[in-house]
Amino acid sequence: MLIHLKNVLTPEELRQARALLGDDAPWVDGRTSAGGQAVAQKANRQLAQESAQAANLQALVLAAVRRDPVFFSAALPRRIFNPLFNRYDPEAPRYGPHVDGAVLHSRATQEWVRTDISCTLFLADPAEYDGGELSVQDTFGSRRVKLPAGDAVLYPGTSVHEVTPVTRGARLASFFWIESMVRSDERRRLLFDLDMNLLKLRERHGETAEATALTGIYHNLLRQWAST
Ligand code: NI
């Protein structure tokens, strides 16, 4: 499933992020972080991971996703692979169809992270660049995503995906992976739908015996399926 998260960053955070990705940002060849299959498909730039800019941006992005209740409900995160940052422009325009590695070693925490969910957080507005769509192949076919700056998309780590060539301007984004407490995409979807509908039910009718009972069912399913 693809989930669109709106306004993950506040306008002030977005301004800070863009300042850190300004003219003196240390971009390196994106192929340094691609595995065997992906390297031939990759032509983009990535922010040097050891830079001060990357450290500040990582903290900013992690704080933003950690306070976002929809992110929590959709991802049920157990571990988050430290966020990375990339730039696509006409000189380094694309990342062709590829799959992400199933497990990645985090330099920041020295842990292995299973990539159940991929996240792209958009840092440039669609009007700033042409092309640069994230295309994700899921069970319903290919879905193309290009979101406002500050919004994010979650998609299954299992899917073949690509970034289509940027022909004008620059596409800036953060991308990272989440190991979920609930490994199955299907089960996460059921839990997310139940949780979001409970929220609406409470908005409409307040706390009722039925809402309480359904919340119990949500937590009992989560208890059966979650590994912590
Ligand atoms: Ni990828």
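The values are calculated or read from the model by the stated rules, or taken from the named source; none is laboratory data. Predicted model, so just to flag it, every value in this text is computed and none were measured. Don't worry about glycine lacking a Cβ; one is built from the backbone with ideal geometry, like all the others, and counts go over all protein chains shown. To get the accessible areas, we keep the full protein, side chains included, count just its heavy atoms, and leave off ligands, DNA and RNA. Shrake-Rupley method; radii C 1.70, N 1.55, O 1.52, S 1.80 Å.
A few notes on this one:
- Cα gyration tensor, the range 94-203 - rounded (a/c under 1.5), prolate or oblate: oblate
- Inter-centroid distance (Cα atoms) of the range 91-143 relative to the range 46-62, Å: 17
- Here the gap between Leu2 and Asp24, fully extended at 0.36 nm per residue and compared with their Cα-Cα distance, gives a gain of 4.5 nm.
- Computed from backbone phi, the HN-Hα couplings of the range 71-77 come to 4, 4, 5, 6, 9, 6, x Hz, rounded to whole numbers (Karplus: 6.51 cos²θ - 1.76 cosθ + 1.60, θ = phi - 60°; Gly and Pro given as x).
- Asp24 accessible area, 1.4 Å probe, all protein chains in place, Å² to nearest 10: 120
- Judged by the gyration tensor of its Cα atoms, with axes a ≥ b ≥ c, the range 185-225 is oblate; a/c meets the 1.5 cut and b/c is at least as large as a/b.
- Overall, the anisotropy analysis places the range 3-180 in the rounded class: the square-rooted eigenvalues a ≥ b ≥ c of its C-alpha gyration tensor yield a/c less than 1.5.
- Cα-centred dipole magnitude for the range 123-203, charges only on beta-carbon of K, R (+1) and D, E (-1), debye, nearest 20: 120
- Proximal lysines relative to Lys42, as straight alpha-carbon distance under 20 Å, when same-chain residues fewer than 8 apart are discounted: Lys146
- Distance from the alpha carbon centroid of the range 166-228 to that of the range 1-34 works out to 25 angstrom.
- Partner aspartates and glutamates for Lys6 [C-alpha distance under 20 Å; skip if fewer than 8 residues away on the same chain]: Asp68, Asp125, Glu128, Glu133, Asp151, Asp193, Asp195, Glu203
- Estimated at the nearest 10 Å², the accessible area of Thr167 is 100 Å² with a 1.4 Å probe.
- Nearest-10 value in Å² for the accessible area of Tyr129, using the 1.4 Å probe: 0
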